[in-house]
Amino acid sequence: MPKYLARRLGQSLLTVFLTLTTVFLLVRLAPGDPAAAYAGPTATTADLARIRGQFGLDQPLFTQYGIFLRDLFTGDLGTSYSFHAPALDVVLDRMPYTITLAVAAITVTAVVAVPLGVWMARRADSKRELGANVLTITGQSMPDFWTGVMLLTVFAVLLPVLPASGFTSWSGLVLPTVTVAVLQLALISRLVRREMTTALNSPYIMVARSRGFSESTLTWRYALANSGVPLLTALGTRFAALLNGVVVVEVVFGWPGVGSLVVRALETRDYPLIQATVLVTAVLAILVQLLVDLAYPLLDPRVRLGKAA
């Protein structure tokens, strides 16, 4: 275990470093001038030159990268051009909102999608399963911005029972959570259905059924347990993706998370803010994947870290 953790931490640090380096280069090679976005349309040539010098944008790219690495190892990711505050602090202030939305969405997904997928597997190739399959495919096909707009129209305009935007109360979490969860429900329920169908038709289930085990025991204790590893992988991957910010949903609902923050950072060419956002979300995603890997042996004793049983 210590060797495995040391190896994974080393891989994680390398991944974060390469990710930040790639983002550093790409945002500077992209078209657009941060000084012009910062100064506004009435800025003169002298104003732009002064701003570039203030933010170090007049330095050669290699020099800027060296300064970036030096500040990175000291925990200083620079000052946000648009917020006039440390970029890392701005991201950390927004991160709890994104984590709240991600946790709520993945919880709803797990609570609804797993029983739905099991129900579909138990009734495979039946008319009821076909109807549920059509619904999940429909949910998977709907763009999240369209789902969000429809929910806003119904529950915030026609039936004004829920807030339309912001997070002033816990009721404001409902519509963004449902919007994000619709797509996740479709993906996870179909995965559970596929894994459970395979497991229920496996020889060990047939042997257990011949020995008199009840269908509920076969389904929940044996078949679902053997489908736990791919299910955990899918949930962990989706949760890590949600931690990166659901940009469209956050913009539609005015959610104060990192997704909407990234949009503003890209619009203003706020290099420090973009880099700080990538750093925080990359670290969180890697931690989630590490926890998922460590949980595999708990679900399947045959799994050993880095070795086959």
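Could you tell me whether the chain comes out rounded, prolate or oblate from its Cα gyration tensor? Rule is a ≥ b ≥ c as square roots of the eigenvalues, rounded for a/c under 1.5, then prolate if a/b exceeds b/c, otherwise oblate.
oblate
For the chain, list the DSSP H helices whose alpha carbon atoms reach 15 Å or more along the long axis and whose average Kyte-Doolittle value is 1.6 or above? Don't skip to the answer; put the middle values down first.
On the way: long enough: 2-29 (40 Å, 0.94); 45-55 (16 Å, -0.22); 61-73 (18 Å, 0.80); 87-122 (51 Å, 1.38); 127-141 (21 Å, -0.25); 174-200 (36 Å, 1.11); 228-243 (22 Å, 1.44); 271-299 (42 Å, 1.85).
In the chain, the long hydrophobic H runs are 271-299.
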Enter the accessible area per residue of the chain (Å², integer; probe 1.4 Å; all protein chains in place). 53
Mind putting a number on the dipole of segment 1-102 about its Cα centre? Charges go on the C-beta only, +1 for Lys and Arg and -1 for Asp and Glu, and I need it in Debye to the nearest 20. 500
Find the centroid of the Cα atoms in segment 141-185 and in segment 42-89, then give the distance between the two in whole Å. 38
Rounded to the nearest 20 debye, what is the charge dipole size of segment 69-213 about its Cα centre when +1 sits on each Lys and Arg Cβ and -1 on each Asp and Glu Cβ? 980
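In the chain, carbon and sulfur make up what percent of the accessible area (probe 1.4 Å)?
Working: 11030 of 16420 Å².
With neighbouring chains kept in place, the figure for the chain is 67 percent.
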What are the residues whose amide H is under 5 Å from the amide H of T79, where those residues sit 5 or more places off or on another chain and H is modelled from the backbone? A87
Quickly estimate the mean residue ellipticity at 222 nm for the chain, helices only: each DSSP H run with n ≥ 4 gives -39500 (n - 2.57), and the total goes over all residues, rounded to 500. -23000 deg cm²/dmol
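The values are calculated or read from the model by the stated rules, or taken from the named source; none is laboratory data. Everything numeric here is computed off the predicted structure, so don't read it as measured data. A quick note on method: Cβ atoms are made from the backbone with ideal geometry, for glycine too, and the neighbour counts reach across all protein chains shown. Each accessible area value is taken on the protein alone, full model and side chains, heavy atoms only, with ligands, DNA and RNA left out. Shrake-Rupley method; radii C 1.70, N 1.55, O 1.52, S 1.80 Å.
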